[in-house]
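Input: a single structure, listed below in structure tokens.
The values are calculated or read from the model by the stated rules, or taken from the named source; none is laboratory data. Worth saying up front: this structure is predicted, and the values here are computed from it rather than measured. Here Cβ is always computed from backbone atoms with ideal geometry, including for glycine, and neighbour counts include all displayed protein chains.
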């Protein structure tokens, strides 16, 4: 097995992986976004992360609000602690020390805290700063008040890290403008003499299934598929360029981006000064959150809840029976040691290491309509449901189950470079099926509610895999936004906050619904779909009993 290929195969159609592996990124400062920046860059496969020699030691203060560093790293030089943890995430990413920013031959610089001295003018500089209620990303140093960590800080830092890593990919021209969905190669054989017996083929000693065809008067052609994991085919894939002009929109450095889920906070674009109003955010105690799926988005959401000021129970549903190598490019709770272990079990163990006080109840099972009955008490006593499933049917069932009990739902989805997050409070917004009907039409919505097809490549053709579906920066950005809206939904702040967020990764741009609640675009009041779902379920069970 080519473990290098298996690790990255889900992103090969989105980025120029060889180019990513050659990048050298300098990290300056030790702000709250630092561990998340490093995590994103390591998982995407950046070759080298560089830190100044005088970065100092890792302290207990660095442990707050993050899950990369651990307690036994305290007292180590920051570069050594980072090297140790990055090696666990991706053994291909190296961490090195440099004397100064001026002498470092790097491709980009990310700054997570104010730094003294001039920075190189010939290298893209990306400021990645976390404020009390928002994140700033841009080419200009911002003016931000000293951080007062709060309930939102870990999720904001994670979002900042994802945006900063995506900006590195943009400005170094590592993104593929035309995304490749599938790629495959076949070897074609035509033999001089017809074979008397059925021909059998093997590739690297492993049998492969071939196809053959013959036209009148021509030789029979035998076609042997070659997996992209084969080194020659992998090199062919990387060396063959799509000849197209790159749009400046996808490569030009961002001047500035400020995002806050709290309304009325803003950036003074002339002075690059972040202006925010104080917001009372309580600690969340004795809360129950039901999380649907703990793959790409779900792993990040669970990890962020574990390091936030959230103390309660996290109930997890996931039916994946094993962690696979291709999960490791984005599913942050898993390392190579977890490969072939059920995700629910591996996630439970990882979350216990991050926060032993968090109560995690994991169910290795698929969400089905009957779950609303067999597991009814879990949702009945829940304060929030978070959906990260990779198929529409599970999303629909999960949404109706939550709506039956009046439980708010935070739904998130990511694909390629894009994703969105939405809050659905049943009494205000109906359910997820309502949203689908609104955006796709009633017929398409009903078809989606029955679609059990998985986006996961565990069920795909190994010889023609999906190579343009999943990238850690998209996953982390959407999951961070999902966690932000989840925490705010639980906290019930007095100030208006976002209920719908979108992200366009190629532009590194965030969008949101700018209509106040009750939003005329998304709010439609309670709907009849949950009751119809329950009626359908009751009729199905009655039919089975009769």
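Only one residue in 28, 41, 58 is crowded, with 20+ Cβ neighbours inside 10 Å, in contact (Cβ under 8 Å) with a residue 40 or more places away in the chain and touching a helix residue (DSSP H, G or I) at 6+ places or on another chain (Cβ under 8 Å). Which one?
Details: 28 fails: touching a helix residue (DSSP H, G or I) at 6+ places or on another chain (Cβ under 8 Å); 58 fails: in contact (Cβ under 8 Å) with a residue 40 or more places away in the chain.
Result: 41 is the single residue among 28, 41, 58 that is crowded, with 20+ Cβ neighbours inside 10 Å, in contact (Cβ under 8 Å) with a residue 40 or more places away in the chain and touching a helix residue (DSSP H, G or I) at 6+ places or on another chain (Cβ under 8 Å).
Go through region 230-258 and give me each residue that's closer than 21 Å to residue 164 by Cα, out of contact with any helix residue (DSSP H, G or I) (no Cβ under 9 Å at 6 or more places or on another chain) and modelled with pLDDT of 80 or more. Break it down stepwise before answering.
Here is the first cut: in region 230-258, the ones closer than 21 Å to residue 164 by Cα are 246-258.
Those left that are additionally out of contact with any helix residue (DSSP H, G or I) (no Cβ under 9 Å at 6 or more places or on another chain): 246-249, 255-256, 258.
Within region 230-258, 247, 248, 249, 255, 256, 258 qualify.
Restricting attention to region 403-421, does a residue exist that is touching a strand residue (DSSP E or B) at 6+ places or on another chain (Cβ under 9 Å) and assigned to a helix (DSSP H, G or I)? Checking region 403-421: at least one residue is touching a strand residue (DSSP E or B) at 6+ places or on another chain (Cβ under 9 Å) and assigned to a helix (DSSP H, G or I).
Is it the case that residue 68 is assigned to a helix (DSSP H, G or I), surrounded by 21 or more Cβ atoms within 10 Å (Cβ to Cβ) and either outside the structural domain of residue 166 (by TED's automatic domain parsing) or under 26 Å from the mean Cα position of the chain (by Cα) (or both)? Give the derivation first.
On the way: assigned to a helix (DSSP H, G or I): no; surrounded by 21 or more Cβ atoms within 10 Å (Cβ to Cβ): yes; either outside the structural domain of residue 166 (by TED's automatic domain parsing) or under 26 Å from the mean Cα position of the chain (by Cα) (or both): yes.
No, not satisfied.
Select the strands (runs of 3 or more DSSP E) contained entirely in region 74-160, then report the ones holding at least 1 residues which are over 30 Å from residue 488 (Cα atoms) and within 28 Å of the chain's Cα centre (by Cα).
It comes to 94-98, 108-111, 125-130.
Identify all residues within region 161-186 that are under 20 Å from residue 485 (Cβ atoms) and part of a loop (DSSP other than H, G, I, E, B); write none if there are none. None - no residue of region 161-186 is under 20 Å from residue 485 (Cβ atoms) and part of a loop (DSSP other than H, G, I, E, B), so the list stays empty.
Go through 412, 406, 430 for me and flag whichever is in the same structural domain as residue 526 (by TED's automatic domain parsing) and free of Cβ contacts under 8 Å to residues at least 24 places away in the same chain. Talk me through it step by step, then tell me what you get.
Numbers: 412 fails: free of Cβ contacts under 8 Å to residues at least 24 places away in the same chain; 430 fails: free of Cβ contacts under 8 Å to residues at least 24 places away in the same chain.
Every option except 406 fails the conditions.
The set of residues in region 297-313 that are over 12 Å from residue 483 (Cβ atoms) and either modelled with pLDDT of 95 or more or in the same structural domain as residue 156 (by TED's automatic domain parsing) (or both) contains only 313.
Tell me which residues, restricted to region 489-546, are part of a loop (DSSP other than H, G, I, E, B), surrounded by fewer than 13 Cβ atoms within 10 Å (Cβ to Cβ) and touching a residue at least 24 places away in the same chain (Cβ under 8 Å).
So the first thing to find is which residues in region 489-546 are part of a loop (DSSP other than H, G, I, E, B), and the list is 492-496, 498-499, 505-508, 513-528, 546.
If we keep only those that are surrounded by fewer than 13 Cβ atoms within 10 Å (Cβ to Cβ) too, we end up with 492, 494, 496, 514, 516, 520-521, 525, 528, 546.
Matches in region 489-546: 494, 496, 516, 525.
You will find that of 86, 111, the residue that is in contact with a helix residue (DSSP H, G or I) (Cβ under 7 Å, 6 or more places away or on another chain) and within 15 Å of residue 36 (Cα to Cα) is 86 and no other. Looking at this structure, is residue 153 at pLDDT 85 or above and either farther than 30 Å from residue 135 by Cα or not assigned by TED's automatic domain parsing to the domain that holds residue 310 (or both)? It is true that residue 153 is at pLDDT 85 or above and either farther than 30 Å from residue 135 by Cα or not assigned by TED's automatic domain parsing to the domain that holds residue 310 (or both). Of everything listed in (1) free of Cβ contacts under 8 Å to residues at least 12 places away in the same chain; (2) under 30 Å from residue 266 (Cβ atoms), the single unmet condition for residue 72 is (2).
Counting just the residues of region 92-118 that are under 22 Å from residue 162 (Cβ atoms) and free of Cβ contacts under 8 Å to residues at least 60 places away in the same chain, which one comes out surrounded by the fewest Cβ atoms within 10 Å (Cβ to Cβ)?
The first filter runs over region 92-118 and keeps only residues under 22 Å from residue 162 (Cβ atoms), leaving 92-95, 106-115.
If we keep only those that are free of Cβ contacts under 8 Å to residues at least 60 places away in the same chain as well, we get 93-95.
Working: 93: 22, 94: 16, 95: 21.
Among them, the one singled out is 94.
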